[in-house]
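The numbers here are math on the coordinates, done by the rules we state, and not lab data. From a predicted model like this one, the values you see are computed outputs, not experimental measurements. Counting neighbours? That spans all protein chains shown, and the Cβs are built from the backbone with ideal geometry, glycine included.
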Amino acid sequence: MRRHLDLLTDAFMIRQLQPWHANLSKRQIKSPKVYVRDSGLLHELLGVSSDKGLLNHPKVGASWEGFVIEQILMTEPHDEAFFWATHQGAEIDLLLRRGDRLLGVECKRTDVPRMTPSIRTALVDLELERVAVIYPGVKRYSLTDRVETVPLLALAGGEQIFD
């Protein structure tokens with residue numbers, strides 16, 4: 001199976017996002033996350049044929065997450081990309097390393113994103129400089145001094161998530 005995943009990764013059909021390992025006392029996830037890079041292909045494989053069908057599908061959140069991650073990795077400068085998750089349930093969907101900076105990205109398919117225990121945990125445990133919560137809304141605003149909501153449309157407009 002691993003060989004098949006590697007072949008699909010090499011053909012740019014899927015993305016294997018590797019886990020970030022911090023030196024913590026918490027048990028961390030060590031397996032990569034796998035995303036179908038083309039959301040249209042993913043929807044076809046899931047049998048989704050309409051917007052309504054997608055919004056009612058149990059994988060709508062995973063579809064949103066994969067789409068957002070692809071958009072960010074195409075537009076946001078970074079040296080390396082990872083995800084982070086613990087067996088206790090804390091996670092960050094995407095970690096971007098830029099030199100010695102570590103930046104977090106959460107993908108939320110909600111109209112009003114909020115601070116979550118996972119974001120709080122990641123800020124402290126990983127010593128993240130900042131976290132961006134990407135959502136389908138239209139307004140960019142701060143949740144805390146280090147956490148900001150960013151509309152996905154801002155990426156299409158050429159805005160950078162992090163300065």
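Net charge around VAL60, counting only other residues with Cβ within less than 13 Å of its Cβ (Lys, Arg = +1; Asp, Glu = -1)?
+2
In whole angstrom, how far apart do the alpha carbon centroids of the range 84-102 and the range 118-163 sit?
13
So how do GLU127, GLU91, GLU159 line up by other beta-carbon neighbours within 10 Å, fewest first?
Details: GLU127 9, GLU91 19, GLU159 13.
By the 10 Å Cβ count, ascending: GLU127, GLU159, GLU91.
Before rounding to the nearest 500, sum -39500 (n - 2.57) across all DSSP H runs of length at least 4 in the chain and divide by the residue total; then give [θ] at 222 nm in deg cm²/dmol.
Details: 6 runs with 52 residues, N = 163.
Value at 222 nm, helices only, nearest 500: -9000 deg cm²/dmol.
How many lysine pairs does the chain hold where the Cα atoms are under 24 Å apart and the two sit 8 or more places apart or on different chains?
Working: LYS30/LYS59; LYS30/LYS108; LYS33/LYS59; LYS33/LYS108; LYS52/LYS108; LYS59/LYS108; LYS108/LYS139.
Lysine pairs, 8 or more places apart or on different chains, close enough: 7.
Mind putting a number on the dipole of the chain about its Cα centre? Charges go on the C-beta only, +1 for Lys and Arg and -1 for Asp and Glu, and I need it in Debye to the nearest 20.
Details: 21 positive and 22 negative charges, 102 e Å.
With only Lys, Arg, Asp and Glu charged at Cβ, the dipole is about 480 debye.
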